[in-house]
Amino acid sequence: MISWDYCGDRLITVFSPRQVRWLRRQLTDYQSRLDSALCGNRVDPALGVVLANLSGGLDYWLKRARSTAAMLLGDLPDCGGVIEMVDVARRVAWVWILQEIRILVSAQLGVSVGDASVKLDAWLAEIVETVAVAGDFLFVSDGLHDSHFLY
């Protein structure tokens with residue numbers, strides 16, 4: 001189960017340790033793909049789906065995405081599952097990168113983003129939506145449930 005709460009402007013999210021490990025693997029993989037693209041290797045088909053809607057400024061975008069992914073990796077706890085999104089900018093960063101990971105994972109699975117049959121996509125979509133509208137909630141708790149497919 002994932003729980004949500006506020007402490008001032010901070011959105012406090014509690015994931016299971018298993019979900020944090022999954023997020024860490026995905027962020028690390030995404031960061032590695034971005035590093036490869038920054039080194040000139042732009043033939044990664046899954047990353048190509050993420051990059052498909054960009055027009056111009058690709059190197060700037062890759063560097064910015066890379067640094068944002070690194071920052072979010074730093075937000076992940078070493079133990080437990082508490083993540084504090086300290087302000088609106090941090091929540092926007094989480095929404096951006098999780099949406100990119102959602103696109104990347106869908107491309108790797110060979111499905112469309114939003115495919116209702118893919119529980120992982122639905123889980124990521126719900127997290128993205130909850131974080132995106134977090135400022136509209138005074139308190140959100142137990143909004144998302146732990147899923148059996150995250151290892």
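Among the residues that make up the range 78-90, is at least one of them more than 16 Å from the chain's Cα centre (by Cα) and among the basic types (K, R)?
There is no residue in the range 78-90 that is more than 16 Å from the chain's Cα centre (by Cα) and among the basic types (K, R).
Going by the structure shown, is S32 of a type in the set (G, A, S), at pLDDT 90 or above and open to solvent by 50 Å² or more (accessible area, probe 1.4 Å)?
Taking the combined requirement at face value, the residue satisfies it.
Take V82 and decide whether it is closer than 22 Å to V111 by Cβ, touching a residue at least 12 places away in the same chain (Cβ under 8 Å) and open to solvent by 50 Å² or more (accessible area, probe 1.4 Å).
Spelling it out, it is not the case that V82 is closer than 22 Å to V111 by Cβ, touching a residue at least 12 places away in the same chain (Cβ under 8 Å) and open to solvent by 50 Å² or more (accessible area, probe 1.4 Å).
Would you check if R25 is of a type outside the set (S, T, N, Q), within 21 Å of I127 (Cβ to Cβ) and loosely packed, with under 13 Cβ neighbours inside 10 Å?
So R25 fits the description; yes.
If I filter the range 104-126 down to residues being of a type in the set (V, I, T) and open to solvent by less than 40 Å² (accessible area, probe 1.4 Å), which single residue comes out as modelled with the lowest pLDDT?
Filtering first and then ranking leaves V118.
Take the residues in the range 37-49 that are open to solvent by 40 Å² or more (accessible area, probe 1.4 Å) and assigned to a helix (DSSP H, G or I), then tell me which one is nearest to I103 (Cα to Cα).
Checking each candidate, the answer is V49.
Could you say whether any residue in the range 88-103 is loosely packed, with under 13 Cβ neighbours inside 10 Å and modelled with pLDDT under 95? I'd like the intermediate steps shown before the answer.
Looking only at the range 88-103, we keep the residues that are loosely packed, with under 13 Cβ neighbours inside 10 Å, and these are 88-89.
Still in the list and also modelled with pLDDT under 95: 88-89.
Yes; the residues of the range 88-103 include at least one that is loosely packed, with under 13 Cβ neighbours inside 10 Å and modelled with pLDDT under 95.
I'd like the full set of residues that are hydrophobic (A, V, I, L, M, F, W, C) and part of a helix (DSSP H, G or I), limited to the range 50-77.
Across the range 50-77, the qualifying residues are V50, L51, L58, W61, L62, A65, A69, A70, M71, L72, L73.
What is the number of the single condition among (1) in contact with a Gly (Cβ under 8 Å, 6 or more places away or on another chain); (2) surrounded by 13 or more Cβ atoms within 10 Å (Cβ to Cβ); (3) of a type outside the set (D, E, K, R); (4) more than 17 Å from L124 (Cβ to Cβ) that S16 does not meet?
For S16, the exception is condition (4).
Give me the pairs, please: first residue somewhere in the range 127-142 and at pLDDT below 60, second residue anywhere and assigned to a helix (DSSP H, G or I), beta-carbon distance under 9 Å, and either six or more positions apart or on two chains.
F137/T130; V140/T130; V140/A134
Do we have any residue at all in the range 50-59 that's over 15 Å from I97 (Cβ atoms) and open to solvent by less than 30 Å² (accessible area, probe 1.4 Å)?
No: zero hits.
The values are calculated or read from the model by the stated rules, or taken from the named source; none is laboratory data. A quick note: this is a predicted structure, and the numbers were derived from the prediction, not measured. Neighbour counts run over all protein chains shown; Cβ positions are idealised from the backbone, glycine included. Areas reflect the complete protein model, heavy atoms only, side chains present, ligands, DNA and RNA absent. Shrake-Rupley method; radii C 1.70, N 1.55, O 1.52, S 1.80 Å.
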